[in-house]
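Chemist: Pasting a structure here, questions to come.
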Amino acid sequence: MANEMNTDQSTQAEPEKEPMLLLDTTGSMNYRTSATDATPRKDTIREAISIIVSELAAADSQAAEEEEGGGLRTITFADGQAHDLGDLNPNNLRQKWGSIRWAGGTRIMPGFNLLLKTYTDEFGSQPQAERPLLLALVITDGEADDTEAFRNVVARAAGSMYVVLAIIGYGPEHDQALQAYQQVEAQNAHVRVIPFAGETDPEKIANALLRMIA
């Protein structure tokens, strides 16, 4: 990630990163992926996440020893609620994905707060210098009603985490969300926004996000 983001640590060793996924599960994720592809956005993203967790599992030599086989810790958000799906990996992705309810409006902060709590619960007892740096991967298709609160929290945490926002979908809603999150990016060197306007290829989405993790 040192090549992707300005970490201001050019003279220091790059800290280990702990990727966690914050997934938008609002009703619009049922909508078509693009104007020319009727595949639901949630299905396109499922395939992308399948590629991501497979790559992470292949690189994790301790996965077999971890609870539930390890994987990508995932928090969902929709309609003012958040849920911890636990670790997603190739063995449980289908079952856990099937448990998701895709409905409601877009409020990101309940999910982001739960993601921060989950990270703190797991690593908060370690000395600051020994903790992996949180890498929040956010996948969404719309501007959140509480984007301003999200912007403020991310600003206060500047330097203590990375945030990567993948904006999928198409049309005015996509463009509005992209503009809102690019404003957050412009104010924080540890935030990156990746637009996937009308992108229908799960592999392209997965590879772009994997590059941010590497």
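Chemist: Here are the criteria: (1) in contact (Cβ under 8 Å) with a residue 40 or more places away in the chain; (2) in contact with a helix residue (DSSP H, G or I) (Cβ under 7 Å, 6 or more places away or on another chain); (3) crowded, with 21+ Cβ neighbours inside 10 Å. Tell me which single one LEU115 does not satisfy.
Modeler: (2) is the only condition that LEU115 fails.
Chemist: Enumerate the strands (runs of 3 or more DSSP E) found wholly within segment 1-56, keeping only those where 2 or more residues are buried (at least 18 other Cβ atoms within 10 Å of the Cβ) and modelled with pLDDT of 95 or more.
Modeler: Details: elements: 17-24, 32-34, 37-40.
Where strands (runs of 3 or more DSSP E) fall fully within segment 1-56 and carry at least 2 residues being buried (at least 18 other Cβ atoms within 10 Å of the Cβ) and modelled with pLDDT of 95 or more, they are 17-24, 32-34.
Chemist: Sticking with this structure for a sec: Inside segment 136-175, can you point out the residues that are surrounded by fewer than 20 Cβ atoms within 10 Å (Cβ to Cβ), closer than 20 Å to ILE205 by Cβ and either in contact (Cβ under 8 Å) with a residue 24 or more places away in the chain or small (Gly, Ala, Ser) (or both)?
Modeler: GLU143, GLY171, GLU173
Chemist: Only one of (1) of a type outside the set (Val, Ile, Thr); (2) closer than 18 Å to ALA78 by Cα; (3) touching a Gly at 6+ places or on another chain (Cβ under 6 Å) is not met by TYR170, so which one is it?
Modeler: Every listed condition holds for TYR170 apart from (2).
Chemist: So which of ALA158, ALA129 is among the hydrophobic types (A, V, I, L, M, F, W, C) and in a loop (DSSP other than H, G, I, E, B)?
Modeler: Numbers: ALA129 fails: in a loop (DSSP other than H, G, I, E, B).
So the residue among ALA158, ALA129 that is among the hydrophobic types (A, V, I, L, M, F, W, C) and in a loop (DSSP other than H, G, I, E, B) is ALA158.
Here's the yes/no breakdown for (1) touching a Lys or Arg at 6+ places or on another chain (Cβ under 7 Å); (2) in a strand (DSSP E or B):
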| residue | (1), (2) |
| --- | --- |
| ARG73 | no, yes |
| THR76 | no, yes |
| ASP84 | no, yes |
| TRP102 | yes, no |
| PRO110 | no, no |
| LEU114 | no, no |
| THR118 | yes, no |
| GLU122 | no, no |
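Chemist: Mind listing whichever residues of segment 164-214 are among the β-branched types (Val, Ile, Thr) and more than 20 Å from LEU21 (Cβ to Cβ)?
Modeler: Once the filter is applied, which keeps residues that are among the β-branched types (Val, Ile, Thr) and more than 20 Å from LEU21 (Cβ to Cβ), segment 164-214 yields only THR200.
The values are calculated or read from the model by the stated rules, or taken from the named source; none is laboratory data. Here the structure is a predicted model, which is why all the values come from computation and not from measurement. Positions of Cβ are backbone-derived with ideal geometry, glycine not excepted, and every protein chain shown enters the neighbour counts.
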